[in-house]
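Here's the structure, in structure tokens; my notes come after.
The values are calculated or read from the model by the stated rules, or taken from the named source; none is laboratory data. As the structure is a computational prediction, the values presented were derived from the model and not from experiment. Methodologically, a virtual Cβ is constructed for each residue, glycine included, from the backbone with ideal geometry; neighbour enumeration extends over all protein chains shown.
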């Protein structure tokens, strides 16, 4: 396993401008011991290579590599020490250009995240089929999107959306009833002397997600240290770090796995309950209405038809002309949602 760095000294003076001088700078941290081509840490010897780079500018740039075949923890500890030592000197900047530690933990973490992503797709598919039937994707959405769907052979549109979008589909909030109906509902309760049903009415107008409304109370026996939505957001961040090759070290891996285990347990419990849900007509109507307004539907539309974009001349228009086009597009979309 290897880590490689480029370290730049932006000071034009002759401070640590040689390999020997730079070795001395590293050893100013007493925890770093350099013996020839080895860096000694925790009784483990890591292969160490230092070379000054020949560049056109006056900057002093050094290349460092650390390598080991087995001492992963020592390599990660040495990585932290080198970063802290370099950052202690403001004139230096350090960039990691190769990081096998992150690659190692990313490879370990990704299968678990991938499993959770598919768990969520499975849960959402079962839930939407339960609520709206097998053609759920074609309900509650604008006609132009229905036409796009009809023109494709794709059957499971949940595979067209990202990890983050799956979370938004499950956790976005919406009321079961529109606020425009609240006066008539209140009058009816008063007339029928059914004030005891007021809390039920309030619940209908309260914005809740599918998770809150249909699942959260079903998984109370699962150890939820945090709400599932918070865990999903954190897991989305870790997934992005893995898929975009960003730093992810042992502490990140452990934290991500703790979150992943909680999420897996909750989704498994939800999957065991989804077939038992008894959804009313008002439940189905609210889910259908929310589906048509959701970011999920907008995302599906853009994925299904990437040709319906702005005309080429749009990019040569001034700002006012662009705003007018955008206004008309949004009006059309809004009218489609209302129809």
Original post:
Take the residues of region 37-51 that are over 23 Å from residue 16 (Cβ atoms) and exposed (fewer than 15 other Cβ atoms within 10 Å of the Cβ): which is nearest to the chain's Cα centre (by Cα)?
Top reply: 42
**OP:** Filter region 192-211 down to residues that are under 21 Å from residue 274 (Cα atoms), in contact with a helix residue (DSSP H, G or I) (Cβ under 8 Å, 6 or more places away or on another chain) and modelled with pLDDT under 90 and give me whichever is surrounded by the most Cβ atoms within 10 Å (Cβ to Cβ).
**Re:** 210
Original post:
In this structure, is residue 33 modelled with pLDDT of 90 or more and more than 20 Å from residue 78 (Cβ to Cβ)?
Top reply: no
Original post:
What number of residues within region 52-89 satisfy the criterion of being under 19 Å from residue 21 (Cα atoms) and part of a strand (DSSP E or B)?
Top reply: 9
**OP:** Can you work out which of the residues in region 29-51 that are in a loop (DSSP other than H, G, I, E, B) and touching a helix residue (DSSP H, G or I) at 6+ places or on another chain (Cβ under 7 Å) is farthest from residue 70 (Cα to Cα)?
**Re:** 29
